[in-house]
Amino acid sequence: MKKAATLALGILTSVGGFFDVGNLATAAQAGGVFRLQLLWPLLLGTLLVIFLVEMSGRFAAVTRQALPDAIRTHLGFATWLVPFLVLSLVHFLVLGAEIGGICFALHLVTGLPTPVWALPVAALVWLFLWRASFSAIENSTSLLGLLTLAFVVAAWQHRPPTGQILAGMLPTLPHHDPARYWFIAVSLLGAVISPYMFYFYSSGAVEDKWDDSYIGVNRGVSVIGMGFGSLISVGAIVVAAVVLAPRGIQVDDYHQAALMLTTAFPFWGFVLFAASMAIACLGAATEVALSMAYATAQTYGWNWGEDLDPREDARFCLMYTGAILGSALLILFGVDPLKLTLLTMAVNAAVLPFVAIPFLLLMNDRKLLKEHRNGWISNTVTLVVVVLSIVLAIVSIPLLIQGGS
Amino acid sequence: MPRQKENGKGIPDELELARDILDQQVVDREETKMGRVDGLVLELREGRPPRIDHIEMGAVVLARRLSPRLERWVDGWRRRFGVRKVARYKAPWSDVQELTSYHLKLDVGALDTPTFDWERWLRDHVIQHIPRPLKGNGEEGEKKE
């Protein structure tokens, strides 16, 4: 009975927690510029992320170890150092983008400039982490995050052409702006397969004291939760394609994206957009900040846990405090949240090899996982991720320069 | 890989040093996480297999694994700004109580070792001055009060 409740809650939280600033920005751009043609990177990303999330949960349940912990333990400090530093830097940017998203939502509602909100928002995110326990944070932000289902409802109301949706699910070559097309495709993938998710998910499984008996729950949560979660991104692309594209709005600015829900919900659309954005970004910001603290504490073996009194894990708490403050400075000093988000999502995709390769090594460790190690399907999918991510890493850097502007 | 036979303590009979011990999470007898096995020191013995003398913990030890120059640099920083009095915490192998796939348990209290110098300093100088949160002060916190 407890397992069924865990499963239901897990599915709800991963649906609610799926959507963040990266998904919003990339979906708005994809729909605004290429209508329904870029649904396929989203689908591909979702399929891959389901496998990766399932693996990180299974790994944590069987070994009682979160990923950064296990990588340092089993692959050694020297192997882990470079990926750890690179991913920390990327997470710093992601956190900045999420904080920027909350600040922009507040700007939409209040009219005050976005940078003004940087420090109050940082304080809010910090206070949340400082005071609340792990399950309180995860459950409250993710359940509120179900508000982002507004995009699915809006997409439904617009009655999009089914034929075009199905056509968009197959990869096709662009009719115009090839650099921009591939840049957005890469960013969509980076937004769906965010590296921080695996640290967060596996550390969360350890915080929740998962054991072998949670393998089924884990599978259900990752397949159903992530699967339905990605529907929100599909919804956002559809809405952008129906509402923004015909008006020639290409979303160079979050203000343009804010119009997305106003056709489906004439009166509430604007507020609904701001609220969805703020909540989705708040949830993600807490997750990214925690992931950074988890990864650092686990790398150095410090005491860690969101349910501990901060006096028992001072270094862990100061780690997320510093991360939040530092990332908020990006927004305070006037970095454009949308540009930061799009850049970060492409970088996310470029650093995927650092996530995928250790994954492949650990998930096949007979001594660690015994009968729960990867089968050929999971291995094939991870190999696809490894190869794809290396290709993306090579491709996305010139695209960053060409198509990012 | 050297293998070693151990006594009846919670230590497996066959170990691979780099794989099973180096970089392993170290916990104290209360299972508080206190750091990682940053270095291993072996004793070479005439005519007998080498054996582990002690494990080492500390940023300086980690830095040494990357390069001796980095080690000197990190140690310089520690001397100037560090809270830790000694660069390396050395735990004799005889203190090891248990070794599993996810931790190495030492028969010590983390708070009494230099590995917690920073943790203690931050708690007394920073955390102490911020109002306490609601969590964590259930059964765990009560004990400490």
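The values are calculated or read from the model by the stated rules, or taken from the named source; none is laboratory data. This structure is a prediction, so every number in the text was calculated from the model and none was measured. With ideal geometry, Cβ positions are generated from the backbone for all residues, glycine too; neighbour counts draw on all protein chains shown. What goes into the accessible areas is simple: the full protein's heavy atoms, side chains included, and nothing from ligands, DNA or RNA. Shrake-Rupley method; radii C 1.70, N 1.55, O 1.52, S 1.80 Å.
Structure data summary
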{"item": "Links that overshoot a 29 Å alpha carbon limit, given the list A:LYS3/B:LYS105; A:LYS2/A:LYS370; A:LYS367/B:LYS105", "result": "A:LYS3/B:LYS105"}
{"item": "Leading residue at positive end of dipole, the range A:2-402 (Cβ point charges), from A:PHE19, A:PHE200, A:ILE224", "result": "A:ILE224"}
{"item": "Between the range A:210-279 and the range B:5-67, the Cα center-to-center distance that results, in Å", "result": "49 Å"}
{"item": "B:LEU42 long-range amide H proximity, modeled H, under 5 Å", "result": "B:ASP53"}
{"item": "Residues of the range A:282-308 with amide N under 17 Å of the 7 Å Cα→Cβ point at B:TRP77", "result": "A:296-297, A:299-302"}
{"item": "Solvent exposure, largest accessible area first (probe 1.4 Å, DNA, RNA and ligands not counted), of A:LYS367, A:LYS209, A:LYS339, B:LYS33", "result": "A:LYS209, A:LYS339, A:LYS367, B:LYS33"}
{"item": "Selected from A:LEU329, A:LEU166, A:LEU392 as most flexible by GNM, with chain A as the system and alpha-carbon contacts under 10 Å", "result": "A:LEU166"}
{"item": "Vicinal HN-Hα couplings computed from phi for the range A:60-70 (Karplus, 6.51 cos²θ - 1.76 cosθ + 1.60; Hz; Gly/Pro x)", "result": "5, 5, 7, 9, 6, 10, 7, 4, x, 4, 5"}
{"item": "Among A:THR79, A:THR344, A:THR382, residue whose mean-square fluctuation peaks in a GNM of chain A (springs only between Cα atoms under 10 Å)", "result": "A:THR79"}
{"item": "Integer Hz, Karplus 6.51/-1.76/1.60 couplings in order for the range B:59-72, x for Gly and Pro", "result": "4, 5, 5, 4, 4, 4, 5, 8, 6, x, 5, 4, 4, 4"}
{"item": "Most positive-pole-ward Cα, A:GLY163, A:PRO310, A:GLY10, against dipole of the protein assembly as shown from beta carbon charges", "result": "A:GLY163"}
{"item": "Distant-in-sequence amide H partners of B:GLY35 (H built 1.01 Å from N, under 5 Å)", "result": "B:VAL26"}
{"item": "Solvent-accessible surface ranking, highest first, for A:HIS91, A:HIS158, A:HIS175, A:HIS255 at 1.4 angstrom", "result": "A:HIS175, A:HIS255, A:HIS158, A:HIS91"}
{"item": "Computed magnitude of the charge dipole of the protein assembly as shown (debye, nearest 20; Cβ of K, R +1, Cβ of D, E -1)", "result": "700 debye"}
{"item": "B:GLU119, A:GLU138, ranked by accessible area, largest first (probe 1.4 Å)", "result": "A:GLU138, B:GLU119"}
{"item": "Under Karplus coefficients 6.51, -1.76 and 1.60, residue-wise ³J(HN,Hα) of the range B:76-84 in Hz, glycine/proline x", "result": "x, 4, 4, 4, 6, 10, x, 9, 6"}
